[in-house]
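Step one of this worksheet: look at the structure below.
The values are calculated or read from the model by the stated rules, or taken from the named source; none is laboratory data. Remember, it's a predicted structure, so these values are computed and weren't measured experimentally. Neighbour counts are summed over all protein chains in view; Cβ atoms, including those assigned to glycine, are modelled from backbone coordinates with ideal geometry.
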Amino acid sequence: MHFNRTLTAALAVSAALLTGAAPAAAQSVSLAYDTPPSYDVQPSYRWAKNFTDKLAEAGFEVETFANNSIGGEAERFDQMRSGLLNVDMGGYAFGIQLVPEMEVIRLPFVFDSMEHLSNYLKTSGFIDEMNEKMKGSGVHVLAIIPLTGFAGFFNNKKPIATLADFDGIRMRALDASQLKLIEAIGANGVVIPFSEVPAALQTGVADGYINPVNVPLTFGHGDLLKYYTDSGMFVSVRLAMASESWWDGLSDQDKAKVDAAVAYADNDLMTWTTGAVEVEKQKLRDAGFEVTELSPDARAEFVAATASVVDQLDIPNKDVYLQAIEAAKP
């Protein structure tokens, strides 16, 4: 196989020399996945696969790396930022570390639906603005990747239908920001890296976590959790991040190809996500989970309980962004 590729390349060069033209080098892109390869289950994988397929159609040479094959979240991010990796599918928290304003996307109960989120991202110029603030950081955000619906509550103790049900429950927190939300709704919280979640659930260090509906079955936590509440609390998102050096080195023509691939992947994902939520809920039921929907009164309780957290968060220009999000309601 290697010999055939080498021979083909050599013949192409020879042909170009005979015609007096220099061989045109195809632009390349390397991308690291952040989930198992499940196109019809994992939103991040679906987005990345569509993105790289479109770039391949546009003439890019594509190289992809399986989840964790070149390191975990932090290692992949560092490789992308330094230019060793072109595109990383990574955690949203990395963006917040670089530009605190990005936190507004994850505030509780600011989006009413996935359509609301999509409309905001398409019309507000939010990503372009964040990239301006991010210049010189080594990172260029290509897309904000919504996962399967809004984040919900999973636990292995009891159904959660009201704030009072969180009494005595210890929830795993993604980071310090999420820890504040967990404490605001009356649960105990502890920050735990995702790789350590199975052990934490098995040993009782944590009783549950906040995640999109498809996470437990995808990552093998199905036997460790029993209850799911569709809270609609906040959108669970990740990032498609490009190395700034790679992005800046692209020609205007190649940047347009990348933008077109991003738009295609974005549109497909938003369409797919709407139907995927109910499919994943049924998978939970089939796996023995008890699924709870919050009543309007219960949701109002959660909104009120988390309002103080939103007020206390020190996010630059927070009110301006919240007004723009409100204005983007479809």
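Only a single item in (1) over 16 Å from the mean Cα position of the chain (by Cα); (2) surrounded by fewer than 18 Cβ atoms within 10 Å (Cβ to Cβ) is not met by residue 72, and it is number (1).
Scanning the stretch 247-267 turns up no residue that is at pLDDT 95 or above, touching a Lys or Arg at 6+ places or on another chain (Cβ under 9 Å) and within 22 Å of residue 224 (Cα to Cα). Applying the condition of being crowded, with 21+ Cβ neighbours inside 10 Å and without any contact (Cβ under 8 Å) to a residue 60 or more places away in the chain to the stretch 75-107 and asking which residue is nearest to the chain's Cα centre (by Cα) yields 102.
The residues of the stretch 191-223 that are surrounded by fewer than 19 Cβ atoms within 10 Å (Cβ to Cβ), of a type in the set (A, V, I, L, M, F, W, C), modelled with pLDDT of 95 or more and assigned to a loop (DSSP other than H, G, I, E, B), listed by number, are 192, 205.
Kindly indicate whether residue 277 is in a helix (DSSP H, G or I), touching a residue at least 60 places away in the same chain (Cβ under 8 Å) and either among the small types (Gly, Ala, Ser) or surrounded by 15 or more Cβ atoms within 10 Å (Cβ to Cβ) (or both). Talk me through it step by step, then tell me what you get.
Numbers: in a helix (DSSP H, G or I): yes; touching a residue at least 60 places away in the same chain (Cβ under 8 Å): yes; either among the small types (Gly, Ala, Ser) or surrounded by 15 or more Cβ atoms within 10 Å (Cβ to Cβ) (or both): yes.
Yes, satisfied.
Note on the stretch 257-279: residues that are more than 17 Å from the chain's Cα centre (by Cα) and of a type in the set (Asp, Glu) total 2. Inside the stretch 143-190, residues that are of a type in the set (D, E, K, R), in contact (Cβ under 8 Å) with a residue 24 or more places away in the chain and surrounded by fewer than 21 Cβ atoms within 10 Å (Cβ to Cβ) make up a count of 5. The residue list 202, 178 contains one member that is within 16 Å of the chain's Cα centre (by Cα) and of a type in the set (S, T, N, Q), which is 178.
Would you pick out the residues in the stretch 103-117 that are in contact with a Leu (Cβ under 9 Å, 6 or more places away or on another chain) and not charged (D, E, K, R)? Within the stretch 103-117, 104, 105, 107, 108, 110, 111 meet the criteria. Scanning the stretch 38-53 for residues that are surrounded by fewer than 20 Cβ atoms within 10 Å (Cβ to Cβ) and part of a helix (DSSP H, G or I) turns up 49, 53. Tell me whether the stretch 291-309 contains one or more residues that are touching a residue at least 24 places away in the same chain (Cβ under 8 Å), out of contact with any Leu (no Cβ under 8 Å at 6 or more places or on another chain), within 22 Å of residue 178 (Cα to Cα) and among the aromatic types (Phe, Trp, Tyr). The answer is no, given that none of the residues of the stretch 291-309 is touching a residue at least 24 places away in the same chain (Cβ under 8 Å), out of contact with any Leu (no Cβ under 8 Å at 6 or more places or on another chain), within 22 Å of residue 178 (Cα to Cα) and among the aromatic types (Phe, Trp, Tyr).
Would you confirm whether any residue within the stretch 126-133 is of a type outside the set (A, V, I, L, M, F, W, C) and either within 20 Å of residue 307 (Cβ to Cβ) or part of a loop (DSSP other than H, G, I, E, B) (or both)? The answer is no; no qualifying residue exists.
Within the stretch 295-306, is even one residue more than 30 Å from residue 134 (Cβ to Cβ) and outside any helix (DSSP H, G or I)? Yes, the conditions are met somewhere in the stretch 295-306.
Of all residues assigned to the stretch 83-101, none qualifies as being within 17 Å of residue 246 (Cα to Cα), assigned to a helix (DSSP H, G or I) and β-branched (Val, Ile, Thr).
Restricting the stretch 125-180 to residues that are in contact with a helix residue (DSSP H, G or I) (Cβ under 8 Å, 6 or more places away or on another chain) and among the β-branched types (Val, Ile, Thr), the residue that is modelled with the lowest pLDDT is 148.
Any idea how many residues of the stretch 179-200 are over 25 Å from residue 298 (Cβ atoms) and not charged (D, E, K, R)?
Of the residues in that region, 9 qualify.
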